[in-house]
Number of protein chains: 2
Amino acid sequence: MKAINVGLCGVGTVGGGTATVLKRNGEEIARRAGRPIVVTMAANRDLDRARELVGEGVALTDNAMDVVNNPDIDIVVELIGGTTIAKDLVLAAIENGKHVVTANKKLIAEYGNEIFAKAQEKGVIVAFEAAVAGGIPVIKALREGLTANKIEWVAGIINGTSNFILTEMRDKGSAFADVLAEAQHLGYAEADPTFDIEGHDAAHKLTIMSAIAFGIPVQFDKAYLEGISKLEAADIKYAAELGYRIKLLGMTRRRPNGIELRVSPTLIPASRLIANVDGVMNSVLVKGDAVGATMYYGPGAGAEPTASSVIADLVDITRLHTADPEHRVPHLAFQPTAMANLPILPITEVETCYYLRLTVKDLPGVLADVTTILAEGQISVDAMLQKPAGDSAEIVIVTHTAVEKNVNAAIAKIELLQSTIGKVVKLRLEHLNG
Amino acid sequence: MKAINVGLCGVGTVGGGTATVLKRNGEEIARRAGRPIVVTMAANRDLDRARELVGEGVALTDNAMDVVNNPDIDIVVELIGGTTIAKDLVLAAIENGKHVVTANKKLIAEYGNEIFAKAQEKGVIVAFEAAVAGGIPVIKALREGLTANKIEWVAGIINGTSNFILTEMRDKGSAFADVLAEAQHLGYAEADPTFDIEGHDAAHKLTIMSAIAFGIPVQFDKAYLEGISKLEAADIKYAAELGYRIKLLGMTRRRPNGIELRVSPTLIPASRLIANVDGVMNSVLVKGDAVGATMYYGPGAGAEPTASSVIADLVDITRLHTADPEHRVPHLAFQPTAMANLPILPITEVETCYYLRLTVKDLPGVLADVTTILAEGQISVDAMLQKPAGDSAEIVIVTHTAVEKNVNAAIAKIELLQSTIGKVVKLRLEHLNG
């Protein structure tokens, strides 16, 4: 049977991994796909590097548009990253009637609506398993495995750099800056780590999962981001004392009036399986109305893990693309639902539980003042610790479900109290049990 | 667009769940599948019960063959269970050119080869996501999400009843018999619990996963089964002391000379995420050569969780079945590989780590005798505990990787020592890290 011809745009870590695995496991993959899948062309700025990684028998070019315009190429794999060249070549590939596989979370999160609309119009498939949670087939789970469900929420630990840092901070009691330096030294964090530690990368992936789970347009610009760079070792310690782990959690939840879409350091009960996902591993927990909670765990990055997802998409497209064009729905494309009009809620409208830490002068009536302010804001207390700290005291409060704007208002009042020293630390808390 | 007509055979817990979810989430499901999926006919011995569960608008019959022979039915859902009527109706459905969705692990594990061969011949799809790990889309992960990989092993906690019992034994330090009674009282165990606690159910599911993972025929008759009914509270306690949890683990592993296929109570390091899967939840951990380890977790049973998987299959078939028959590979059918000739290894050829517990008279030289026997059997010791027990002593040994037949031979020699009292307890141990 005629092979499917694949063109790689960008031959770096993932491109090299893809070429390697396609060759090593070629026989298995061909049988599962029903026909061989071969890389026949690759584009990279450094042609020598490309040749090293893809081996012989592959036409090389330093111009990605050569791949996109080559009539013999069936599927274009975009592994360049970013939203300039990558966007142009993806749209051009679709225009040329070619299917697209990408690992580019930024591209899909920011331009997905336009890309999917074009794909739907041209009847081609755009697949992006590799863009979210590396090798874990979570997009497939959301879009196919859980297709019987109304998804209620999706929670994810989807950035390995920040998860590694938080794991080390907890295991060693170290400060953020020290662990970041260690992570950079080990290659788990970039020289400029902003994208990972401030939640951008996680928010891109969360945005994509939210669109698939709820059938809404991708709306990365509406996502709330809060990274881990301000997290103090003291909060990790108190969280542990109260029975929680702190993770950089992406959370998207369906509410009657809209969709929550947020990434922030979040306390999770230590008894939850997902709270124990450590190091550079990723995990996504999904709540569906029929199945309940299912969880997916594995490596979120790396050459061969990410290649594993790229190739899973290549196989899916190969299987699907012979479908009769009159009846085929490009199922790997975005399918907007009646929910498409539900807004992404601003962070002030989010309802969840909160962890608060404040430092107060150790005076009579302080606790009464604080708890009165909380009660006035419809915020009820789940747990509390008070510890002496010299002449002061540290008070740690875990609340029941409250609306964020009420919590913000209460914090503002607490900070105005004579007895309060400095600012109140606020972290979100998710029980993830329903 | 014309609806896909589904016929349910067997309207019990899962049939009712399937009908309920198809109705409740019908709009979402139709959009994702590209066309509506409706139950138009159902067969059940108790017609009143069936009417209660499926509601109006569904033709009822007490003869499952009516469903199979109805020319308007596109997909037959087999939820009767067992291997007599169920087998006949599945084969007849295939003969009639109908696709089949089943939750019947026993049927697929024991007769899968014949069923898949027939399906391949007739060009129809037989899907069985609901037969393994309830609502967790693990068959989809193995067959599609991980399709780029050579699978190295699959380990599963795939029987909720036994996992519930083991969790309680550990949490409460109780004896097996007491916890079994409690489980039966709570409805987690049957009046005759043999199928669940002796490993049959887990072995059925493992056999199916093994076939999909390695592309070998289903060979349930070759699976090794060892249940939990002989497990003592003492072993759970010692395991915990040494840093392990005991789970009824299904393990299938690729070896150069064959495939391991076994279910037995197994020690797993407490630090592994899968060791912390408790109660009635299920989990499957897969090692692939490209992606590494990925894990899937969720409810292994229940009306709507299982229905979630049944419906995922219905949607997949609906999407796939419009594919041009000349090119379509019935991808949900079994695809034998070149490995089809690798034998299932007898348990004596298995290589893994072991936990041994023996009671000895507290005499000089006992430990030397025991360790000498182990050394002679090429069995090296990883960890050891010795504790006084009256005039005797209990010795607990954790070994490095050893061949089972050597361990059995060593145990036989140890049991012949004058100093040994009674039998040696032997449990397998898996590190699950590569």
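Couple of notes before you dig in:
- Karplus-derived 3J(HN,Hα), 6.51/-1.76/1.60, for each residue of the range B:84-100, Hz, glycine and proline x: 9, 4, 4, 5, 4, 6, 5, 5, 5, 4, 4, 4, 7, x, 9, 6, 10
- In this structure, the pairs whose alpha-carbon distance is over 21 Å, taken from B:K361/B:K413; A:K106/A:K230; B:K387/B:K423; A:K140/B:K222; B:K140/B:K247; B:K87/B:K150, are A:K106/A:K230; A:K140/B:K222; B:K140/B:K247; B:K87/B:K150.
- Per-copy distances of the B:L385 label point, shortest first, in nm (7 angstrom along Cα→Cβ): 3.0
- Within straight-line reach of A:K118, meaning a Cα separation under 12 Å, sit the following aspartates and glutamates at least 8 residues removed in sequence or on another chain: A:E95.
- Less than 5 angstrom separates the built amide H of B:I421 from those of B:T359, B:V360, B:K361, all sequence-distant by 5 or more or on a different chain.
- Charge dipole (the range A:348-429, unit charges on Cβ, about Cα centre) - positive-most of A:H400, A:L427, A:M384: A:L427
- Per-residue average of Cβ from other chains inside 10 Å of B:18-27: 3
- Size of electric dipole in the protein assembly as shown: Cβ of Lys, Arg +1 and of Asp, Glu -1, about Cα centre, debye, nearest 20: 340
- Acute angle (nearest 10 degrees) that the helix A:404-416 long axis makes with the longest principal axis of chain A, alpha-carbon atoms: 40
- Added length on full extension, which subtracts the Cα-Cα distance from 0.36 nm per residue, B:Q418 to B:V403: 2.9 nm
- Percent accessible area from carbon and sulfur atoms, the protein assembly as shown, protein chains only, probe 1.4 Å: 52
- Contact order for the range B:363-434, expressed relative to its length and based on alpha carbon pairs under 8 Å spaced 6+ residues apart, stands at 27 percent.
- Choice from B:T359, B:T13, B:T84 showing the highest fluctuation, given a GNM over chain B with Cα pairs closer than 10 Å: B:T84
- With label points set 7 Å from Cα along Cα→Cβ, the inter-copy distances at A:P364 are 7.5 nm, sorted shortest first.
- Relative to the longest principal axis of the Cα atoms of chain B, helix B:303-320 runs at roughly 60 degrees.
- Among the residues of B:274-282, the average count of other protein chain beta-carbon atoms within 10 Å of the residue beta-carbon is 2.
- Exam field: A:A270 pseudo-label spacings to other copies (7 Å along Cα-Cβ), nanometres: 1.2
- Here chain A is scanned for GluC sites (Glu not before Pro) in DSSP loops (not H, G, I, E, B) that have at most 11 other Cβ atoms within 10 Å, and the longest stretch holding none of them is A:57-325.
- Computed accessible area, A:D72, all protein chains, 1.4 angstrom probe, square angstrom: 100
- For the range A:167-230, trypsin sites (Lys or Arg not before Pro) are listed when DSSP marks them as loop and at most 15 other Cβ atoms sit within 10 Å of their Cβ; the list is A:K230.
- Residues of the range B:104-150 buried by at least 40 Å² of accessible area upon assembly of all protein chains, compared with the chain on its own (1.4 Å probe): B:P137, B:K140, B:E144, B:G145, B:T147, B:A148, B:K150.
- Antiparallel DSSP beta bridges within the protein assembly as shown, percent to nearest 5: 70
- Set of the range B:78-106 residues, backbone N closer than 14 Å to the point 7 Å along the Cα-Cβ line of B:E121: B:91-97
- With both labels modelled 7 Å from their Cα along Cα-to-Cβ, the B:R24 to A:D192 distance reads 4.8 nm.
- Where both bridge residues fall in chain A, DSSP classifies roughly 70% of the beta bridges as antiparallel.
- If you take the Cα centroid of the range A:195-265 and the Cα centroid of the range B:375-434, the two points sit 48 Å apart.
- Per-selection Rg to Rh, the range A:29-157 - Cα, Kirkwood hydrodynamic radius: 0.99
- Solvent exposure of the protein assembly as shown as accessible area per residue, Å², 1.4 Å probe: 35
- Note on the range B:120-147 and the range A:69-135: Cα centroid distance 28 Å, given to the nearest whole angstrom.
- Value of relative contact order over chain B, rounded to a whole percent, pairs C-alpha under 8 Å and six or more apart: 16
- Volume in Å³ per residue [convex hull over Cα atoms, computed for the range A:98-147]: 80
- Largest GNM mean-square fluctuation among B:V138, B:V67, B:V424, using chain B with Cα springs under 10 Å: B:V424.
- Trypsin sites (Lys or Arg not before Pro) restricted to DSSP loop in the range B:1-73 with at most 10 other C-beta within 10 Å: B:K2
- Protein accessible surface hidden between B and A, which excludes ligands and nucleic acids, total in Å², probe 1.4 Å: 4900
- Dipole magnitude (debye, nearest 20) for chain A, charges at Cβ of Lys, Arg, Asp, Glu: 820
- Compared with the dominant principal axis of the Cα atoms in chain A, helix A:366-376 is inclined by about 50°.
- Residues of the range B:34-53 with amide N under 12 Å of a point placed 7 Å along Cα→Cβ from B:L60: B:42-53
The values are calculated or read from the model by the stated rules, or taken from the named source; none is laboratory data. Computed from a prediction, not measured in an experiment: that's the story for all the values here. Note that we place each Cβ from the backbone using ideal geometry, even for glycine, and neighbour counts take in every protein chain shown. Side chains included, ligands, DNA and RNA excluded: accessible areas come from the protein's heavy atoms. Shrake-Rupley method; radii C 1.70, N 1.55, O 1.52, S 1.80 Å.
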